[in-house]
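The block underneath contains the structure these notes are about, expressed in structure tokens.
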Amino acid sequence: MKIVKKILLGVLAVVVILLIIGLLMKKDYHVEREVVINKPASAVFNYIKFLKNQANYSVWAKMDPNAEMKFNGVDGTVGFISAWDSKVKNVGAGEQEIKAIKFNERIDYELRFKRPFSCTDKAYMITDSISVTQTKVKWGVDGKMHYPMNIMLPMMNMNKMLGSDLQSNLNNLKVLLEK
């Protein structure tokens, strides 16, 4: 009986320590990737401002081409919402809304995930003219993992996990626009 009691106290101590660590750990993450596209900034921006075009270069859209898509508003303008609902677990369900546009410079989005988990993140795409025929595109995501789930942030390595998808998206965009 003493052994069982010691094991239970040990497990309880580990849980308490993890919860305390979670209180002290960061909850926010930032991931950003970039690519240079051999096209003028206006051409690149005029393509990426339309959320419907993401179906042509997003790895997430390609995971389930049969996902149910719904759109609300005028694409390429503030307030436009692109919603998806997929039976594929890694795609899940959610929506993306254009929150702000600074013409030829930046688009800000709000991502609202409903399934397989519920959260709201911020995302953006920035275009920067390097020359008349070259544009640097940055794609970033700012998110938060609430307590006590934030304990998993170091193990998940969001920079690597999400960053590789962002880079694939940008590489796909580059190939598509440079055709």
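FYI, it's all coordinate maths here, none of it is from the lab. Here the structure is a predicted model, which means the values were calculated and not measured. Cβ: placed from backbone, ideal geometry, glycine included. Neighbour counts: every protein chain shown.
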Note to self: If I fit a long axis through the Cα atoms of helix 2-24 and take the longest principal axis of the Cα atoms of the chain, what angle between them do I get, 0 to 90°, rounded to 10?
What the structure shows: 30
Notebook entry, point to check: For residue 89 and residue 11, what does the FRET efficiency come to when R0 = 30 Å and r is the distance between their Cβ atoms, rounded to the nearest 0.05?
Noted result: 0.50
Check: Using a simple spin-label model with points 7 Å from Cα along the Cα→Cβ vector, what separation in nm is obtained for residue 151 and residue 114?
Finding: 3.1
Next item on the list: Show that you can apply the helix-only estimate: for the chain, add -39,500 (n - 2.57) for every DSSP H stretch of four or more residues, divide by all residues, and state [θ] at 222 nm to the nearest 500.
Entry: -10500 deg cm²/dmol
Notebook entry, point to check: So for the pair residue 142, residue 1, with labels modelled 7 Å out along Cα→Cβ, what separation do we get in nm?
Noted result: 5.7
Next item on the list: On a C-alpha basis, how far is the centre of the stretch 111-179 from the centre of the stretch 1-37 in Å? Whole number, if you could?
Entry: 25
Checklist line | Cα pair distances exceeding 24 angstrom across the stretch 28-177, given as percent | finding: 31
Next item on the list: May I ask which residue of 80, 94, 41 lies farthest towards the positive end of the charge dipole of the stretch 31-101, with charges of +1 (Lys, Arg) and -1 (Asp, Glu) on Cβ and the Cα centre as origin?
Entry: 41
Item checked: Sequence of 15, 91 once ranked by neighbouring C-beta atoms within 10 Å, starting from the fewest -> 15, 91
Item checked: Per-residue Cβ neighbour rank within 10 angstrom, fewest leading, 1, 152 -> 1, 152
Item checked: Calculated FRET efficiency for the pair residue 164/residue 129, C-beta based, R₀ 25 Å, to 0.05 -> 0.40
Margin query: Please give the charge dipole size of the chain, origin at the Cα centre, charges +1 on K and R Cβ atoms and -1 on D and E Cβ atoms. Round to the nearest 20 debye.
Written below: 660
